[in-house]
Amino acid sequence: MRVLVTGAFGNIGFSTVQELLRQGHTVRCLDLRTKPNEQKASQISREAGERVTVQWGDIRQREVLAEAVRDQEVVVHLAAILPPDIYEKLELAYEVNVEGTRNAIEVARQQPRPPRFLFGSSLDVFGYTQDQPPPRKVTDPVQATDDYTRHKLEGEAMLKQSGLTWTIFRFADVPPLGPRPIHPIMFRIPLETRLEMLHTFDAGLAVANAVSSDEVWGKIWLIGGGPSCQVRYRDYLNRMLEVMGIGSLPEEAFGHEPYCTDWLDTSESQRVLRYQRHSFEEIIQDVAKYAAPPAPVRALMPLLRPVVRRQMLKLSPYWQKAQARSA
């Protein structure tokens with residue numbers, strides 16, 4: 001099958017491309033030309049040869065999408081600006097997340113034989129649900145709580161009204177396999193928050209399996225790691241900090257306002273797509289393996305740990321207030 005993947009060298013996108021190629025599909029990759037993306041493109045070109053083509057371009061430009069969508073049987077639309085970057089680039093994020101999605105849908109509609117269209121959404125669209133019994137179900141109400149969720153819900157609505165054969169995947173949290181910059185948003189999440197993880201390889205498998213499925217179309221699916229990946233934010237953060245040699249941080253550094261995430265009912269998506277292969281602990285180990293600092297840095301971590309911890313805590317407004325109160 002001929003499949004276009006937008007955002008092909010992103011976190012879920014690259015796992016999707018790799019799995020599609022493993023399953024024998026012909027894949028067209030669309031993404032921005034950057035050094036890291038060029039490296040990934042070279043890797044898959046060496047491995048897959050003529051079954052993969054790479055097109056560099058911006059989904060805000062309809063002519064770029066017109067070339068990319070031509071002759072494709074399925075469009076997997078994953079290109080987006082995600083949190084926390086979205087909050088520092090709101091205008092650009094709207095152009096990419098909403099107008100770019102509109103472009104992709106319109107171009108797909110104009111094809112002589114319109115492709116089926118899979119849209120990558122997020123569990124964040126359920127809003128603040130920590131006060132409700134889990135898990136979240138597809139039938140639960142949705143609400144826009146910020147620009148990101150507003151963008152995703154606009155994309156979902158556009159697709160459902162497009163006349164295309166569509167499916168929507170609302171993904172759980174998918175940690176990238178690689179270094180992740182420390183950002184103040186990590187302190188925004190209350191430690192007792194319910195959090196469902198999903199290995200990026202399992203996310204890619206879910207999408208790739210959907211391409212060949214007759215059952216997924218015309219429906220919204222919740223895509224998460226399943227019961228073995230349902231944890232509290234405290235568990236996730238402490239395990240990540242532990243394997244990185246940093247150690248857990250003081251509870252006073254974390255906020256208490258609700259955050260948009262939760263556990264999901266993935267029983268139906270797992271029945272159809274058979275994608276849940278990795279546990280929470282396996283996700284932690286893989287993220288740590290790919291994100292680990294060089295050996296000399298690891299050897300010095302016992303000495304560097306106090307400095308690293310101080311620098312991290314400086315990013316927490318809650319910790320700063322706690323320190324000021326105790327001064």
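State, as an integer percentage, the relative contact order of the range 104-230 based on alpha-carbon contacts under 8 Å between residues 6 or more apart.
The value is 30 percent.
If I take R0 = 30 Å and measure r between the Cβ atoms of VAL308 and TYR87 in this structure, what FRET efficiency does the formula 1/(1 + (r/R0)^6) give, to the nearest 0.05?
0.75
Name the aspartates and glutamates eligible as straight-distance cross-link partners of LYS314: C-alpha to C-alpha under 13 Å, and not fewer than 8 places from it in the same chain.
Of all the aspartates and glutamates, those that pass the test against LYS314 - Cα under 13 Å, at least 8 places apart if same chain - are GLU252.
Can you pull the Kirkwood radius for the range 75-132, inverse mean 1/r over Cα pairs, to one decimal in Å?
13.2 Å
If you take Rg and Dmax of the Cα atoms in Å from the coordinates, which of [x] 19.4, 63; [y] 20.2, 70; [z] 21.8, 70 do you get?
From the options [x] 19.4, 63; [y] 20.2, 70; [z] 21.8, 70, the structure gives [y].
Under the rule a/c < 1.5 gives rounded, and otherwise a/b versus b/c splits prolate from oblate, where does the range 99-247 land using the Cα gyration tensor?
Note, shape of the range 99-247 comes out prolate.
Specify which residue in the list ALA210, ALA157, VAL287 is farthest towards the positive end of the charge dipole of the chain, using unit charges on the beta carbon of Lys, Arg (+1) and Asp, Glu (-1), about the Cα centre.
The Cα lying farthest towards the positive end belongs to VAL287.
Mind giving me the FRET efficiency for LYS289 and ASP146? R0 is 35 Å, r the Cβ-Cβ distance, nearest 0.05 is fine.
0.60
Can you say what percent of the DSSP beta bridges in the chain, counting only those with both residues inside, are antiparallel? Round to 5.
10 percent
Using only the Cα atoms of the range 235-284, construct the convex hull and provide its projected area averaged over every direction, in square nanometres to one decimal.
Hull-based average projected area comes out at 4.9 nm².
At 222 nm, what helix-only mean residue ellipticity would the chain give, in deg cm²/dmol to the nearest 500, using -39500 (n - 2.57) for each DSSP H run of four or more?
-12500 deg cm²/dmol
Modelled label-to-label distance, THR165 and TRP56, 7 Å Cα→beta-carbon offset: nm?
3.5 nm
Per-residue HN-Hα couplings for the range 128-144, Karplus 6.51 cos²θ - 1.76 cosθ + 1.60 at θ = phi - 60°, whole Hz, x for Gly and Pro?
8, 10, 5, 8, 10, x, x, x, 6, 10, 4, 7, 5, x, 10, 7, 7
Hey, with R₀ at 51 Å, roughly what FRET efficiency would THR26 and SER326 work out to, going by the Cβ-Cβ distance, to 0.05?
Given R0 = 51 Å and the Cβ-Cβ separation, E is 0.25.
I'd like the orientation of helix 233-243 relative to the chain: the angle between its Cα long axis and the longest Cα principal axis, in ° from 0 to 90, rounded to 10.
Helix 233-243 and the main axis of the chain meet at about 80 degrees.
Got a sec? Which residues in the range 179-217 would a label at GLU268 touch, if it sits 7 Å along Cα→Cβ and we count backbone N under 18 Å?
Once the point is set 7 Å along Cα→Cβ of GLU268, 206-207, 210-211, 213-217 turn out to lie under 18 Å by backbone N, inside the range 179-217.
Expressed as an acute angle from 0 to 90° and rounded to the nearest 10, what is the orientation of the C-alpha long axis of helix 295-313 relative to the principal long axis of the chain?
It works out to around 80 degrees.
Gain in length, GLN110 to SER213, computed as 0.36 nm per residue apart minus the alpha-carbon separation, to one decimal in nm?
Stretched out fully, the GLN110 to SER213 stretch lengthens by 34.7 nm.
Read-outs: derived from the displayed coordinates by stated rules, not from any lab. Owing to the predicted nature of the structure, the values given are computational and were not obtained by experimental measurement. Don't worry about glycine lacking a Cβ; one is built from the backbone with ideal geometry, like all the others, and counts go over all protein chains shown.
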